[in-house]
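For reference, the structure is listed below as structure tokens.
The values are calculated or read from the model by the stated rules, or taken from the named source; none is laboratory data. All values reported here derive from a predicted model rather than from experimental measurement. With ideal geometry, Cβ positions are generated from the backbone for all residues, glycine too; neighbour counts draw on all protein chains shown. When the accessible area is computed, the model is the full protein with side chains, heavy atoms only, and any ligands, DNA or RNA have been set aside. Shrake-Rupley method; radii C 1.70, N 1.55, O 1.52, S 1.80 Å.
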Amino acid sequence: MWVTVVVVVVVAVAVAGQARADVDWARGLITAEGVGIANRQAPSPAAAREPARRLAEDAARHQLAAQIPALPHARGGTVKDQLAASTAAAERIAKAVERAYTIAATPQTDGSWNVTLALPLEAVRQALDGGARAQAAGGDRDPPVVIVEGVTVKPALGYTIGRSAGPVVWRKDVPAWAKDAPRVKAGPPPTMTGGPSTLYLVLRP
């Protein structure tokens, strides 16, 4: 006989101890999938569905939070090393994880959910550095995208493009939406273009 208590069990999308989020440098995202399994003692699949989704999202956030400390950082080491000196940065990253957004959500017939959340790598960078870049006086007239050529370093958070640290995606090709963007060469002298609204598209071998 069905009872009126709704209980949901959450399992990760990988074997216990091996669950981890996926880092996509080309998209500038960390993604993670969570699964909420509906308890068959719920009064109906519909009654179990909403709690299952919430806990699936919690499972995905847990995986995101677990992956962030392992991200490489341009100043050396990993994000974990950067967080060791800043309690405030750790708190900002926790808030960023809470704001991770849904990019896929699939309900199952028994009330269970598969949910994939995404967190921009730029949100992690800003959390570490204390916020977004300042708006230039007189408004934002900088190009929306700048292509950086000749980069040989590996993807990492926190690279400074010229004098500007900002959102970066790492690509092996130039997508159609950026084909007309201005191009600059990596390395000294730092004759770079861009400002608060600029996305840097770094080309690497």
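How big is the accessible area of Lys80 in square angstrom, nearest 10, if you roll a 1.4 angstrom probe over the protein chains?
Solvent-accessible area, nearest 10 Å²: 140 Å².
By how many nm would the segment from Ala74 to Thr106 lengthen if fully extended, with 0.36 nm per residue of separation less the alpha-carbon distance?
My answer for the length gained is 7.9 nm.
At a probe size of 1.4 Å, how large is the accessible area of Ile103, to the nearest 10 Å²?
Looks like 80 Å² after rounding.
How do His73, His62 stack up against each other in accessible area, from largest to smallest, with a 1.4 angstrom probe? Display every interim value, and only then the final one.
Working: His73 10, His62 130 Å².
Final ranking, largest accessible area leading: His62, His73.
Please list Arg49, Arg141, Arg61, Arg27 from largest to smallest accessible area, probe radius 1.4 Å, with all protein chains kept in place.
Values: Arg49 75, Arg141 190, Arg61 40, Arg27 135 Å².
Ranked from most to least accessible, the order is Arg141, Arg27, Arg49, Arg61.
Probe 1.4 Å, all protein chains in place: accessible area of Leu83 in Å², nearest 10?
Accessible area, nearest 10 Å²: 40 Å².
To the nearest 0.05, how large is the calculated FRET efficiency for Arg54 and Ala94 if R₀ is 22 Å and r is the Cβ-Cβ distance? Could the numbers behind the result be given before it?
Details: r = 18 Å, r/R0 = 0.81.
Approximately 0.75, to the nearest 0.05.
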